[in-house]
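The values are calculated or read from the model by the stated rules, or taken from the named source; none is laboratory data. The structure presented is a predicted model; accordingly, all values stated were derived computationally and were not measured. Because the Cβ atoms are built from the backbone with ideal geometry, glycine has one as well, and the counts that use them run over all protein chains shown.
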Amino acid sequence: MPLYHNDDQAMLKDSVAPFVAEQAPVSHLRKLRDSADATGFSRDLWTQFTEMGLPGMLVPEAHGGLGMGHMEAGIVLEEIGRNLTPSPFLATSVGAVAALAKAGGTQAGRWLPAIASGEAIIALAIDEGAKHRPDRIATTATRAGNGFRLDGKKSFVLHGHVADMSIVAAKTDGGITLFAVPKDAKGLTADPRRLVDSSLASHVILDGVEVDADAVIGEVDAGGDILDALLAATRTGAAAEMVGVGQGAMDMTVTYLKERKQFGKLIGEFQGLQHRAAHLYGEMEVARATVMKAQQLLDEGSEGAKLMVSVAKAKAGRAANLAVREGVQMHGGIGMTDEYDIGLYMKRDRALAEYMGDVHYHIDQVARMNGY
Amino acid sequence: MSDLDAFRAEVRGWLEANCPAEMREPIREEGDVCWGGRNWVFKNDAQKRWLEACAAKGYTVPDWPKAYGGAGLTPEQTKVFKQEMKRIHARSPLDSFGIWMLGPALLQFGTEEQKVQYLNPIARGEIRWCQGYSEPGSGSDLVSLQTFGEDKGDHWVVNGSKIWTSYADQADWIFCLVRTDKANKYQGITFMLFDMASPGVTTKPILLISGNSPFCETFFDDVEVPKTQYIGEINRGWDVAKYLLGHEREMISGGGAGGDMVSIGGAFAKAFGKNAAGELDDPILRAEMAAFDVDVFAYRAMGERFMDMWKTGRAHPASSNMMKYVGTELNKRRHELVMSGGGSEALEWDSEETKGGARARGWLRTKANSIEGGTSEVMLNVIAKRILDLPGA
Ligand SMILES: Cc1cc2nc3c(=O)[nH]c(=O)nc-3n(C[C@H](O)[C@H](O)[C@H](O)COP(=O)(O)OP(=O)(O)OC[C@H]3O[C@@H](n4cnc5c(N)ncnc54)[C@H](O)[C@@H]3O)c2cc1C
Ligand SMILES: Cc1cc2nc3c(=O)[nH]c(=O)nc-3n(C[C@H](O)[C@H](O)[C@H](O)COP(=O)(O)OP(=O)(O)OC[C@H]3O[C@@H](n4cnc5c(N)ncnc54)[C@H](O)[C@@H]3O)c2cc1C
């Protein structure tokens with residue numbers, strides 16, 4: 001498979017890019033923020049996403065979806081990133097779908113069609129502290145009645161307070177098990193916090209939450225592989241979104257360099273800025289290629305995917321971070337103003353960088369996977 | 001089985017039958033790289049057999065047309081061929097400026113006669129070429145070059161000097177930029193080809209910081225060049241030169257400018273030892289090496305994408321500048337880490353155990369990566385202007 005978009009993918013991009021840019025440009029985020037919206041995204045927009053068939057892109061056809069791959073999902077995510085569009089797409093349509101499709105069974109049958117039809121929003125309740133450490137899950141699931149009892153705390157749960165279902169990772173006797181915990185489960189509370197990028201993420205408390213045995217996603221104790229699938233998909237998706245964020249910031253900045261005059265010249269004429277912009281361009285191109293490679297390997301079910309996913313999250317993290325920092329700096333004073341969009345890119349990048357493992361976490365993973 | 005799968009099977013079988021075991025070993029020293037040419041002394045019989053087998057099949061230049069010594073492979077087949085070569089760690093049968101640079105320029109600008117005349121010997125490794133671009137006063141600002149060819153009717157008489165001419169002392173022929181119109185900066189340069197054995201050509205090796213002297217000063221003293229030996233149009237050599245530079249950059253970046261693409265930390269873990277947690281026993285160096293590994297694996301993905309796009313005409317024409325810039329900076333970083341990882345051993349300059357100070361010499365050699373074929377700063381200028389379309393000069 002060549003490492004560029006084929007004709008079908010290019011067509012998808014040609015329809016998604018203008019759609020997102022028209023329906024949910026950065027002003028859409030501003031509107032949600034300024035109205036102190038309590039949901040974190042627009043339901044109307046999600047309905048439009050559904051009309052385009054986007055929520056079920058990765059859902060297998062047998063469950064009412066389009067059966068597409070990570071490469072295609074990445075196209076949508078890049079546009080979401082470029083426009084800073086608040087949306088449950090990443091967690092619901094990428095992360096949750098990857099886990100449910102891998103697990104199959106009752107929960108897949110129940111939730112995948114609901115995701116495809118745009119009815120269900122899913123939250124991923126994995127992390128438990130300020131940093132992403134999925135190998136240190138302390139939430140417990142103990143057998144009770146004909147099901148399980150869940151106890152623990154989860155943090156940084158995007159859409160946790162509005163999700164119809166949360167995928168909760170918990171420790172069971174023999175390993176990790178994933179549970180589908182419905183919104184109205186007793187003992188489940190989600191306390192939403194406004195983040196720097198004005199999205200909402202919850203602190204979730206599981207206080208003796210009782211679920212039936214069939215709430216298990218996949219098999220008891222065998223959630224490790226499913227969790228891995230969820231993480232790989234979400235990390236790759238976040239990397240794709242970061243490429244969009246970085247690209248959006250870079251495009252804004254390059255445009256500004258061609259418009260702003262100082263010392264009687266366009267600032268884009270100064271070699272000091274040209275070289276930094278050109279360096280940034282190189283980093284962004286490499287990041288994009290890396291994310292595409294991770295998507296391709298995931299779609300092929302290749303063994304090399306795991307390494308490339310971490311490489312992609314780390315590389316996209318570095319490149320997008322450079323893009324937003326240079327973006328604000330090269331805008332000068334105006335880059336510091338709330339009125340100007342460039343700062344919003346910096347904020348979104350920060351949130352995505354932290355999501356599902358930051359640059360350092362993934363660099364460390366790369367070292368481990370290479371035996372050091 | 002798809003056509004491509006069938007082709008893969010065919011290549012695999014052919015390599016199995018034709019690639020000698022000695023040619024599946026990593027390159028260890030200069031003599032392991034086969035440059036060919038009139039004066040080439042094969043290092044061993046395997047090197048000779050490998051070149052002959054590939055040349056007969058068109059595999060020294062797999063994507064060139066068959067009429068010019070290639071195998072006429074499509075971009076997809078070429079990719080498969082390279083993958084199969086890589087799979088068995090096969091050495092390149094022949095490396096040369098003729099393949100990397102002159103060949104593509106001839107394919108683009110040469111007459112039918114020139115293609116037949118020059119490309120076949122390049123493909124068979126019979127003529128070794130060198131590149132006469134830079135002059136003492138003209139490096140980054142190449143177009144300011146002064147070497148002059150005076151029009152004498154059926155030939156030019158060339159006078160001047162070139163510098164940094166890699167392997168000039170071992171080359172058979174030179175492709176050379178010569179000013180033929182002093183009044184016109186850009187449209188006054190002709191792209192000439194001539195035999196280094198022509199009367200009036202002399203070379204003088206230059207010693208480098210690595211202790212090697214792979215390149216030379218080259219002097220032209222009333223050298224006669226027949227009027228048939230130029231490419232493109234007279235006075236329009238700059239077009240050819242620029243096109244060729246694109247390929248030089250493609251070669252420098254595609255040909256592993258990021259360096260050997262395996263994990264660097266993995267290689268050093270053995271030498272350093274690991275701590276109780278199984279980690280390389282120097283946390284700061286471990287972190288730097290891991291960050292470097294991320295960049296290398298990422299660059300490898302970029303290399304694949306770049307090649308896929310370049311070969312199918314999708315890449316921005318100036319994107320080879322970006323590849324060259326990123327790849328060469330990466331390779332320099334690799335060798336800094338190699339030196340750190342090697343510690344005092346890597347400092348040894350001539351001991352047998354260190355293969356004559358191979359690490360130190362290699363480290364010093366890589367500093368040229370971001371100079372040769374156009375400096376990093378010049379690459380950034382080109383990206384800024386041609387890709388980002390930034391204003392000014
Ligand atoms: C928080 C804050 C508080 C401030 N408080 C005050 C205050 O109290 N009083 C006051 O008078 N001002 C104040 N300023 C303004 C500040 O001094 C200017 O923002 C600053 O001088 C930069 O000018 P600029 O914003 O017009 O950016 P520009 O000059 O437009 O610069 C844009 C970008 O181009 C770069 N650039 C410009 N020229 C060149 C060049 N020749 N070579 C290379 N790069 C170049 C800049 O470095 C920058 O990255 C404040 C600014 C901020 C952000
Ligand atoms: C190992 C090696 C092999 C080589 N082989 C060959 C060969 O086979 N044939 C051949 O013809 N040449 C060859 N070269 C020459 C090479 O192409 C030149 O060295 C190169 O183009 C740089 O030119 P220069 O050395 O004159 O540096 P200069 O042009 O003098 O540059 C000096 C410094 O100034 C910077 N600079 C110059 N102009 C600008 C600008 N506009 N903006 C910003 N920075 C600038 C440069 O980046 C550099 O850092 C080789 C060089 C090396 C090191």
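Only one entry of A:Ala21, A:Ala73 meets the criterion of being on the phi < 0 side of the Ramachandran plot, in contact with a helix residue (DSSP H, G or I) (Cβ under 6 Å, 6 or more places away or on another chain) and either outside any loop (DSSP other than H, G, I, E, B) or buried (at least 22 other Cβ atoms within 10 Å of the Cβ) (or both), and that entry is A:Ala73. Given the structure, is A:Ala294 buried (at least 24 other Cβ atoms within 10 Å of the Cβ), in contact (Cβ under 8 Å) with a residue 40 or more places away in the chain and away from ligand 1 (no atom under 16 Å from the Cβ)? Yes, satisfied.
Just checking, how many residues over the stretch A:262-272 are within 10 Å of another protein chain (Cβ to nearest Cβ) and either β-branched (Val, Ile, Thr) or more than 14 Å from B:Met379 (Cα to Cα) (or both)?
The number of residues fulfilling the criteria is 6.
In the stretch A:309-336, the residues that are within 12 Å of another protein chain (Cβ to nearest Cβ) form Cβ pairs under 8 Å with partners that are within 16 Å of ligand 1 (Cβ to nearest atom), at six or more places apart or across chains, as follows: A:Ala319/A:Leu280; A:Met330/A:Thr253; A:Met330/A:Tyr256; A:Met330/A:Leu257; A:Met330/A:Ile267; A:Met330/A:Leu273; A:Met330/A:Arg276; A:Met330/A:Ala277. B:Thr366 meets each of the listed conditions (1) over 16 Å from B:Glu336 (Cβ atoms); (2) away from ligand 1 (no atom under 16 Å from the Cβ) apart from (1). Of the listed requirements (1) within 16 Å of ligand 1 (Cβ to nearest atom); (2) more than 14 Å from chain B (Cβ to nearest Cβ); (3) not polar (S, T, N, Q), A:Asp349 misses just one: (1). Here the condition is being touching a His at 6+ places or on another chain (Cβ under 9 Å) and away from ligand 1 (no atom under 16 Å from the Cβ); of A:Glu303, A:Glu354, it holds for A:Glu354 alone.
Listed here are the residues, each with its yes/no results for (1) within 16 Å of ligand 2 (Cβ to nearest atom); (2) at pLDDT 95 or above; (3) not charged (D, E, K, R).
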| residue | (1), (2), (3) |
| --- | --- |
| A:Asp251 | no, yes, no |
| A:Val254 | no, yes, yes |
| A:Ile267 | no, yes, yes |
| A:Arg276 | yes, yes, no |
| A:Glu283 | no, yes, no |
| A:Arg288 | no, yes, no |
| A:Ala294 | no, yes, yes |
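Taken together, A:Gly40, A:Gly81, A:Gly95, A:Gly65 contain a single residue that is buried (at least 17 other Cβ atoms within 10 Å of the Cβ) and in contact with a His (Cβ under 8 Å, 6 or more places away or on another chain), which is A:Gly40.
Tell me which residues, restricted to the stretch A:288-305, are more than 7 Å from chain B (Cβ to nearest Cβ) and in a helix (DSSP H, G or I). Those that are more than 7 Å from chain B (Cβ to nearest Cβ) and in a helix (DSSP H, G or I): A:Arg288, A:Val291, A:Ala294, A:Gln295, A:Gln296, A:Leu297, A:Leu298, A:Asp299, A:Glu300, A:Ala305. Scanning the stretch A:111-162 for residues being farther than 23 Å from A:Gly208 by Cβ and of a type in the set (D, E, K, R) gives a total of 4.
When the stretch A:183-215 is filtered for residues that are β-branched (Val, Ile, Thr) and under 18 Å from A:Arg149 (Cβ atoms), the ones remaining, listed by number, are A:Thr189, A:Val204, A:Ile205, A:Val209, A:Val211. Just give me the residues in the stretch A:258-272 being crowded, with 19+ Cβ neighbours inside 10 Å and within 8 Å of ligand 1 (Cβ to nearest atom), in sequence order. Residue satisfying the conditions is A:Ile267 alone. Scanning the stretch A:316-326 turns up no residue that is surrounded by 18 or more Cβ atoms within 10 Å (Cβ to Cβ) and outside any helix (DSSP H, G or I). Can you find a residue in the stretch B:345-365 that is on the phi < 0 side of the Ramachandran plot, hydroxyl-bearing (Ser, Thr, Tyr) and either under 24 Å from the mean Cα position of the chain (by Cα) or part of a helix (DSSP H, G or I) (or both)? No: zero hits. Residue-level check: of (1) more than 21 Å from A:Ala73 (Cα to Cα); (2) more than 16 Å from ligand 1 (Cβ to nearest atom); (3) in contact with a Gly (Cβ under 6 Å, 6 or more places away or on another chain), A:Thr253 misses just (2). Listed by first and then second residue, the pairs linking a residue in the stretch B:70-81 that is of a type outside the set (A, V, I, L, M, F, W, C) to a residue that is part of a loop (DSSP other than H, G, I, E, B) and modelled with pLDDT of 95 or more, with Cβ atoms under 6 Å apart and 6 or more places separating them unless they lie on different chains, are B:Gly70/B:Gly58; B:Gly70/B:Val61; B:Gly70/B:Trp64; B:Gly72/B:Pro65; B:Thr78/B:Pro62. Under the condition of being more than 8 Å from chain A (Cβ to nearest Cβ) and surrounded by 20 or more Cβ atoms within 10 Å (Cβ to Cβ), which residue from the stretch B:255-299 is modelled with the lowest pLDDT? Checked the stretch B:255-299; the qualifying residue modelled with the lowest pLDDT is B:Ala257. Whenever a residue of the stretch B:83-105 is free of Cβ contacts under 8 Å to residues at least 60 places away in the same chain and of a type in the set (Gly, Ala, Ser), its partners that are more than 16 Å from ligand 1 (Cβ to nearest atom) and in a loop (DSSP other than H, G, I, E, B), lying with C-beta atoms within less than 7 angstrom and at least six residues away or across chains, give the pairs B:Gly98/B:Ile127; B:Gly103/B:Val61; B:Gly103/B:Trp64.
Give the number of residues within the stretch B:377-393 that are at the interface with another protein chain (Cβ under 9 Å from one of its Cβ atoms) and assigned to a helix (DSSP H, G or I). Break it down into steps so the answer makes sense when it comes.
From the stretch B:377-393, those at the interface with another protein chain (Cβ under 9 Å from one of its Cβ atoms) are B:377, B:379-385, B:387-393; that's our starting set.
Adding the requirement that they be assigned to a helix (DSSP H, G or I) leaves B:377, B:379-385, B:387.
Count: 9.
Looking at A:Leu280, is it in contact (Cβ under 8 Å) with a residue 24 or more places away in the chain, near ligand 1 (Cβ under 10 Å from one of its atoms), assigned to a helix (DSSP H, G or I) and within 14 Å of chain B (Cβ to nearest Cβ)? Here the answer is no, as A:Leu280 does not meet what is asked. When the stretch B:327-343 is filtered for residues that are touching a Ser or Thr at 6+ places or on another chain (Cβ under 8 Å) and either within 8 Å of chain A (Cβ to nearest Cβ) or under 23 Å from A:Met369 (Cα atoms) (or both), the ones remaining, listed by number, are B:Asn331, B:Arg334, B:His335. For the stretch B:149-172, a residue qualifies if it is over 12 Å from B:Glu217 (Cβ atoms), within 16 Å of ligand 2 (Cβ to nearest atom) and not polar (S, T, N, Q), and the qualifying residues are B:Val158, B:Tyr167, B:Ala171, B:Asp172. For the stretch B:300-326, residues that are over 22 Å from A:Gly304 (Cα atoms) and either within 10 Å of chain A (Cβ to nearest Cβ) or touching a residue at least 40 places away in the same chain (Cβ under 8 Å) (or both) total 17.
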